[in-house]
Amino acid sequence: MLLLRDFAQVASPAGRRAPLRGAELGAVDVVEDAYVLVDAGTIADVGRMRDLKPLGAAVEERSFAGRCAVPGLVDCHTHPAFGGDRVEEFSLRAGGASYEELHAAGGGILSTVRATRAAGEDGLRDAVRRHAAWMRSHGTTTFEGKSGYGLDRDTELASLRAVRDAGGVPTWLGAHAVPPELDGDADAYLDVALAEVLPEAAKLAEAADVFLERGAFDAAQARRYLTACRDAGLSLRLHGDQFTEQGAIPLAIELGARSVDHLEATGDAGVRALAGSDVVGVLLPASALFLGRPMPPGRALVDAGAAIALATDFNPGSSFTESLPLVCSLAATQLKLSPAESLAAVTVNAAHVLQRSDRIGRIAPGYRADLAILDAPDWRYLAYHLGERPVALPASELA
Ligand code: NIG
Ligand code: FE
């Protein structure tokens, strides 16, 4: 047993349910002058220091005076398996070139595909390890990681293994772009991907993802890809409504997808449809910021009753940040979500997207003892302090 004591505050999304939506999304239990008792990596008890019962000499103690604890952060949408970088493209965009133009000209995602294929399995493994360490240094204790920059059998499978071996939750983004050798023929690419990659990818990944967008895959192709992936046992995710509405929300609802992610272009009808469904809207405001695009309608989605999560979208092209606290700050200043709503969106609701909300995302008895420690007197510094860097304290370190 381990006693983590003297916290200024311990803050956790209230209740036991997931996903949280509506008024429940903003309900946070805050315990002042608090302790967390950990038994073999699992939270045994949370309470006020003055109510702490004598525990005996065998219990190890650590003091966190002046600091706050929130649940270890959960990043449910990242692309960490890539070679090279896009600093050249970033510089061009800073001078006025658009992301979509660069993509159409064979730069963008396809330039990362070339670098990722060249990296080799060891190079990819090193890259994902390095990126996972960056995430951890910002308080993330669980991350999802997509493939999608290989687009051939060996590199896609190597990407999924690299994510798994770095402790991440692998998602097969087999339909991210049409690789150069298929010359823009998305259907021919899906023939190969579904026949040759899916059977192996389904053994490594937990979910499948598709980029449904003009210039990537259309709704019919997305339906075909996702249906085959569902039949192979994968849960479903979509990149949708990033630049234009192409039917991602109706398709996600029809197929029972876990989430639809981005939503910068979602209009009122999409907001209403999502709110009436079990599909989680994953908002990626750092990507909108990085590309200088409109923000997703976060406040409207929450007010309509949609289940939302927040994630970094960490990738080299459209969101080169691993910081969920930065995302919470953007959620407050740009999406008009309260720090309490953001906390649920980067903990229990993100855990729900990853089908782990029974184990992670809360500081409550029975949950895994993954914590993020803020050097702050109030847990809301998570969103308030632009550039906050909580210390990740995963259960694996609390032996
Ligand atoms: O989620 N939108 C598609 N895919 C990524 C960006 C990929 C890239 O630019 O390399 C995203 O933003
Ligand atoms: Fe993404």
Flagged in region 166-176 as among the β-branched types (V, I, T) and within 14 Å of ligand 2 (Cβ to nearest atom), in numbering order, are T171
Near pairs, Cβ below 8 angstrom, 6+ apart or cross-chain, from region 158-179 (within 11 Å of P80 (Cα to Cα) and without any contact (Cβ under 8 Å) to a residue 60 or more places away in the chain) to any residue that is charged (D, E, K, R) and buried (at least 22 other Cβ atoms within 10 Å of the Cβ)
P170/E144; P170/K146
Identify, please: which residue in region 107-151 is surrounded by fewer than 23 Cβ atoms within 10 Å (Cβ to Cβ) and basic (K, R) and is, among those, farthest from V169 (Cα to Cα)?
R114
When residues of region 183-199 are filtered for being modelled with pLDDT of 95 or more and either under 18 Å from L212 (Cα atoms) or among the charged types (D, E, K, R) (or both), how many remain?
10
Within the bounds of region 182-199, is there any residue that is within 15 Å of ligand 1 (Cβ to nearest atom) and closer than 19 Å to S259 by Cβ?
no
State the number of residues belonging to region 166-186 that are hydrophobic (A, V, I, L, M, F, W, C), farther than 22 Å from L73 by Cα and assigned to a loop (DSSP other than H, G, I, E, B).
2
Please indicate, with yes or no, whether at least one residue in region 321-340 is over 26 Å from A94 (Cα atoms), in contact (Cβ under 8 Å) with a residue 60 or more places away in the chain and touching a strand residue (DSSP E or B) at 6+ places or on another chain (Cβ under 7 Å).
yes
Before we move on, is A202 out of contact with any helix residue (DSSP H, G or I) (no Cβ under 6 Å at 6 or more places or on another chain) and in a helix (DSSP H, G or I)?
yes
Failed condition for R117, given (1) touching a residue at least 40 places away in the same chain (Cβ under 8 Å); (2) among the basic types (K, R); (3) away from ligand 1 (no atom under 12 Å from the Cβ)
(1)
Take A18 and tell me if it is surrounded by 14 or more Cβ atoms within 10 Å (Cβ to Cβ) and over 22 Å from L393 (Cα atoms).
yes
Any residue that is of a type outside the set (F, W, Y), part of a loop (DSSP other than H, G, I, E, B) and within 16 Å of ligand 2 (Cβ to nearest atom) - is there at least one of those in region 351-365?
yes
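The values are calculated or read from the model by the stated rules, or taken from the named source; none is laboratory data. No experiment lies behind these values; they were computed from the predicted model shown. A quick note on method: Cβ atoms are made from the backbone with ideal geometry, for glycine too, and the neighbour counts reach across all protein chains shown.
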